[in-house]
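*Asks:* Before I ask anything, let me first share the structure, which is written out below as structure tokens.
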Amino acid sequence: MLESSTSGLTPQEIQDLARDAYVFGLPLVEHYRLFALGFLPDSPQVRPANRFLHFARLFTPKDRDVVSPNNDTLYSEANLDLRGEPVVLDTPELSGRYFCVQLVDITTNNLPYIGTRATGTDPRRFVIAGPDWDGVLPDSLRDALVIRSASMFVAALLRIGVSGPEDLSSAVALQQRFRLTPLHELTKQAAPKLPAVAWPPYFDDKADASLKAFEYVNFMMQWHRFTEAEQSLLARFARLGVRPGARMNAQGLSPAVRDAMLEGVKEARRAIQQRPVLHRGWELPDPKVGAFGDDYLLRARVAWNYIYANSAEEAVYPITHLDGEDRLLDGSRSRYVLRFTADALPPARFFWSLTAYDSETRMLVENPIQRYSMGDRSRDLKKSSDGSISFFLQHEAPEPHRVANWLPIPDGRFYVLLRIYGPTESAMRGAYVPPAIDALSD
């Protein structure tokens with residue numbers, strides 16, 4: 001019984017435990033939403049495990065499944081079920097084109113990457129195996145790279161770079177050539193017998209500050225093998241009923257325990273949304289993103305703001321909500337300019353882009369010219385005679401000579417993400433600081 005497990009704890013100790021458990025568990029709940037979209041029968045994206053859902057278009061404001069989506073690459077998603085056997089991924093010849101397959105475990109840590117940077121663009125085979133598989137691979141897979149996961153369910157996110165509208169059809173053709181195959185289909189063996197999973201109803205934790213999120217934390221935890229170093233932490237959380245596969249009944253708690261836990265949730269949400277250290281208004285990347293270790297607060301902040309952020313060696317994401325005067329960016333109040341000098345362009349080995357998002361919805365911004373990102377691949381982008389590039393961020397269309405460099409923003413608060421794909425060492429370490437976004441006076 002939960003009441004007996006919390007006996008001897010003061011209300012402050014219960015609050016502290018709930019705070020830490022919420023910070024620890026929030027990424028699992030955010031991650032749950034992607035699995036729910038694939039597995040719940042009433043989802044418009046329902047599909048079997050181990051099968052890609054290809055989006056054969058660049059994302060627009062109509063795509064609202066993931067916060068801060070990019071408009072630079074084609075997306076494909078697959079939910080891998082590794083409970084009984086590995087899954088084999090075949091990648092086609094990419095001829096130097098940028099792509100990456102990001103494999104995300106239950107806790108939102110990234111597994112080793114597959115892609116242009118990490119494994120090249122030649123056709124290859126990869127075996128993705130769960131924590132409990134100890135079988136032998138057939139000779140046909142002896143040259144495949146094996147990637148092990150501590151999670152029994154893994155999200156596979158495929159991104160393929162697109163250089164512009166005229167390049168879209170070529171990228172889509174390549175997208176269709178990525179293949180996922182459960183091992184038994186290659187070996188012509190019977191499929192492993194697995195119990196059905198009762199995925200709970202879709203839940204948006206951001207819209208709910210109750211204790212309900214802990215039900216989803218418990219559900220997700222059962223599909224992951226936590227490290228030995230984390231066992232003492234899990235033992236602490238278990239005193240609140242937060243443990244793998246356990247049933248959490250918040251309504252059955254005494255008012256004193258429930259109130260203390262609710263205070264802990266409030267404290268956790270304040271910490272997760274706390275303003276980070278800024279540089280010219282920009283929050284710079286943390287090298288631990290994607291491999292968070294025991295920095296659970298960073299993991300929770302990333303999940304809250306831009307879940308599925310790539311690891312730093314793949315891409316970094318400076319983000320700003322402020323102008324150069326430390327005021328919130330607001331398209332109803334100001335027009336803005338972001339000027340990169342010729343010697344301070346974003347240091348990318350592949351490409352870079354700027355994207356604006358509505359601060360309330362965290363989604364792309366609807367606009368009449370259907371322009372959702374700009375960067376070094378924008379064909380009409382104009383440079384100044386000194387090699388600098390100025391981006392004009394405003395809600396209404398600017399003067400004709402500025403339209404080519406216009407990034408539309410909402411008629412209200414917004415934020416900007418700078419994506420740097422294939423960052424240099426200085427960008428990975430946070431040594432590269434983008435220029436401030438300034439209010440436009442002319």
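Throughout, read-outs are computed from the coordinates displayed, never taken from laboratory work. What you see is a predicted model, and the numbers here were worked out from it, not measured in a lab. Cβ placement follows ideal geometry from the backbone for every residue including glycine, while neighbour counts extend to all protein chains displayed.
*Asks:* Evaluate Rg over Rh across the stretch 196-262, taking Cα atoms for both radii and Kirkwood's formula for Rh. Provide the component values of the computation, followed by the final result.
*Replies:* On the way: Rg = 12.8 Å, Rh = 13.1 Å.
Rounded to two decimals, Rg/Rh equals 0.98.
*Asks:* Applying the Karplus parametrisation 6.51 cos²θ - 1.76 cosθ + 1.60 with θ = phi - 60° to the phi angles of the stretch 408-420, what ³J(HN,Hα) value in whole Hz is obtained for each residue in order, glycine and proline being reported as x?
*Replies:* x, 10, x, 7, x, 6, 8, 9, 10, 10, 9, 9, 10
*Asks:* What's the local net charge at Asn109, with K and R +1, D and E -1, over the other residues with C-beta under 15 Å away? Each step should come with its number before you reach the end.
*Replies:* Numbers: positive: Arg148, Arg225, Lys288, Arg299, Arg301; negative: Glu30, Asp105, Glu230, Asp286, Asp294, Asp295, Glu313, Glu314.
Around Asn109, the charge tally is -3.
*Asks:* Apply the Karplus curve 6.51 cos²θ - 1.76 cosθ + 1.60, θ = phi - 60°, to the phi angles in the stretch 45-59 and return the couplings in whole Hz, x for Gly and Pro.
*Replies:* Karplus values, whole Hz, x for Gly and Pro: 10, 4, 6, x, 4, 6, 9, 6, 9, 8, 9, 8, 6, 7, 5.
*Asks:* Compute the relative contact order of the stretch 271-365 as a whole-number percentage, counting only Cα pairs closer than 8 Å that sit 6 or more residues apart in sequence. Spell out each step's value before the answer.
*Replies:* Details: 69 pairs, mean separation 22.7, N = 95.
Relative contact order, the stretch 271-365: 24 percent.
*Asks:* Taking every alpha carbon pair in the stretch 250-398, what does the distance histogram look like in 10 angstrom bins from 0, in percent?
*Replies:* P(r) over the stretch 250-398, rounded to whole percents: 8, 30, 33, 17, 7, 3, 1.
*Asks:* Please give the charge dipole size of the chain, origin at the Cα centre, charges +1 on K and R Cβ atoms and -1 on D and E Cβ atoms. Round to the nearest 20 debye. Don't skip to the answer; put the middle values down first.
*Replies:* Values: 50 positive and 55 negative charges, 108 e Å.
Dipole about the Cα centre, nearest 20: 520 debye.
*Asks:* Which parts of the stretch 337-364 would a label at Leu145 reach, counting a residue when its backbone N lies under 20 Å from a point 7 Å out along Cα-to-Cβ?
*Replies:* 349-351
*Asks:* Normalising by the residue count of the chain, find the relative contact order in percent from Cα pairs under 8 Å and 6+ residues apart. List each step's numbers first, then the result.
*Replies:* Details: 883 pairs, mean separation 85.4, N = 442.
Worked out over the chain, it gives 19 percent.
*Asks:* Taking the stretch 91-149, which trypsin sites (Lys or Arg not before Pro) meet the DSSP loop condition and have no more than 13 other C-beta atoms within 10 Å? All intermediate terms of the calculation are to be shown ahead of the outcome.
*Replies:* Working: sites: Arg97, Arg117, Arg124, Arg125, Arg142, Arg148; in loops: Arg97, Arg142.
Taking the stretch 91-149 and a limit of 13 other Cβ atoms within 10 Å, the loop trypsin sites (Lys or Arg not before Pro) found are Arg142.
*Asks:* Kindly provide log₁₀ I(q)/I(0) values, in the same order as q = 0.21 Å⁻¹, from the Debye equation applied to equal alpha-carbon scatterers of the stretch 1-145.
*Replies:* Per q value, in the given order, log10 I(q)/I(0) is -1.47.
*Asks:* By per-residue mean of other Cβ atoms within 10 Å, what is the highest-first order of 185-198, 14-27?
*Replies:* Descending packing order for the listed peptides: 14-27, 185-198.
*Asks:* Take Gln45 and Ala198, extend 7 Å from each Cα along the Cα→Cβ direction, and tell me the distance between the two endpoints in nm.
*Replies:* Taking the simple label geometry, Gln45 and Ala198 are separated by 2.5 nm.
*Asks:* How much length is gained if the chain between Thr424 and Val403 is pulled fully straight, taking 0.36 nm per residue apart and subtracting their Cα-Cα distance, in nm to one decimal? Don't skip to the answer; put the middle values down first.
*Replies:* Details: separation 21, 0.36 × 21 = 7.56 nm, distance 3.05 nm.
Length gained between Thr424 and Val403: 4.5 nm.
*Asks:* Fully extended, how many nm does the chain gain between Leu345 and Asp167 (0.36 nm per residue separation, minus their Cα-Cα distance)?
*Replies:* Working: separation 178, 0.36 × 178 = 64.08 nm, distance 2.42 nm.
So the extension gain works out to 61.7 nm.
*Asks:* Please give the FRET efficiency for Gln370 paired with Ala190, using the beta carbon to beta carbon distance and R0 = 45 Å, rounded to the nearest 0.05. Write out the running numbers ahead of the final one.
*Replies:* Working: r = 49 Å, r/R0 = 1.10.
Plugging the Cβ-Cβ distance into 1/(1 + (r/R0)^6) gives 0.35.
*Asks:* Which whole-Hz ³J(HN,Hα) couplings does the stretch 100-113 yield from phi under the Karplus relation 6.51 cos²θ - 1.76 cosθ + 1.60, θ = phi - 60°, glycine and proline marked x?
*Replies:* Rounded to whole hertz, the list is 8, 10, 9, 9, 10, 7, 4, 7, 6, 6, 8, 7, x, 7.
*Asks:* Alpha carbons only, please: Rg and Dmax for the chain, in angstrom.
*Replies:* Looking at the chain, its Cα Rg and Dmax stand at 23.0, 73 Å.
*Asks:* Determine, for the chain, the count of lysine pairs separated by eight or more sequence positions (or lying on different chains) whose alpha-carbon distance falls under 26 Å.
*Replies:* 5
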